[in-house]
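For reference, the structure discussed in these notes is given below.
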Amino acid sequence: MFAELTGPRSAKNVVLATTMWDKLHPKFDDGNKRENGLKENYWKVMIHNGATVERFLNDSDSAWSIVDNIINRADRKAVLLFQEETIDQRQHFLTTAAGRALDLDLDRLIEKHQKAIQESTLWSSSSGSVTLTLGAQDSE
């Protein structure tokens, strides 16, 4: 969704910061695995388009390092894709890349919840059928 808001041309101004590094045990590699998973599964396109990943170590030095990175790489003339679509092209929200991505995510959530509702429906054969859906009870 974030990539659809910024667009490929503005990604070079994006710094994706990971957190909670101070909470990890140095003996385990969970943080590196999680960060690599984010890079490969969620941020791949943005990184390909120029975004960088920084670690916030919960101290002022790493915070200032991230801020410096943002300031030093900022292209003041970069226009977000969402701005271009809504202002320049006068598109309605749902026809923008961000709107289409949000609509797709909502469709997936609705489908997931409908399946959960269907799976939560219980049938009892002892006294006919009893249907329980989201806490409501109907008996036949």
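Cα extents for the stretch 2-85 along the principal axes, largest to smallest and rounded to whole angstrom: 46, 28, 15. The slack between Glu119 and Arg34, meaning 0.36 nm per residue of separation minus the straight C-alpha distance, is 27.5 nm. Compared with the alpha-carbon gap, the fully stretched path from Met1 to Asn58 is longer by 17.9 nm at 0.36 nm per residue. Taking a straight Cα-Cα cut-off under 16 Å and skipping sequence neighbours fewer than 8 places away in the same chain, the lysines within cross-link reach of Lys33 are Lys23, Lys44. Treating r as the C-beta distance of Ile70 and Asp107 and R0 as 35 Å, the FRET efficiency rounds to 0.55. Centre-to-centre, using Cα atoms only, the stretch 53-97 and the stretch 8-22 are separated by 9 Å.
Any read-out appearing in this document is the output of simple, stated calculations on the displayed coordinates, not a laboratory observation. Computed from a prediction, not measured in an experiment: that's the story for all the values here. As a convention, Cβ positions derive from the backbone with ideal geometry for all residues, glycine included, and neighbour counts pool all protein chains shown.
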